[in-house]
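Worksheet for the structure shown next.
The values are calculated or read from the model by the stated rules, or taken from the named source; none is laboratory data. Given the structure is predicted, the values throughout are model-derived calculations rather than measurements. Cβ: placed from backbone, ideal geometry, glycine included. Neighbour counts: every protein chain shown.
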Amino acid sequence: MAKGKKKDKKEKKEKKEKKDKNAPKRAISAFFFYQKERRESLKKEKPNLDNKELISTMSSEWNQMKDPEKKKYVDLAEKDKKRYEKEKAEYEAKQKDEKKGKKSAK
């Protein structure tokens, strides 16, 4: 039975399309903006923590924060979401134009 599962995994890998390097990067969440800002200062405060412990500590801090404290990061995330949506629309329009160009060339 284990052999069947391995074969399924190989089939899935073969079917997966390669990611386009020109595609826009996904939007960043509010927590990731917080994490990006907090990581260095937390490392200085607690240099003995490894990455897993750092993330766990930041996660606990995030969960204990009130909404007004999170607002800065939520606003950054919303701004980044708009950026992503704009870039995605431009990318998809460009992809559509390229496909039309290939069809008319035939």
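Number of residues in segment 42-96 that are within 30 Å of LYS21 (Cα to Cα), of a type in the set (Lys, Arg) and surrounded by 12 or more Cβ atoms within 10 Å (Cβ to Cβ) equals 4. Within segment 56-102, the set of residues being small (Gly, Ala, Ser) and touching a helix residue (DSSP H, G or I) at 6+ places or on another chain (Cβ under 6 Å) comprises ALA77 only. Only a single criterion out of (1) modelled with pLDDT of 95 or more; (2) part of a helix (DSSP H, G or I) is not satisfied by ILE28, namely (2).
Scanning segment 25-58 for residues that are of a type in the set (Gly, Ala, Ser) and over 22 Å from LYS79 (Cα atoms) returns SER41, SER56.
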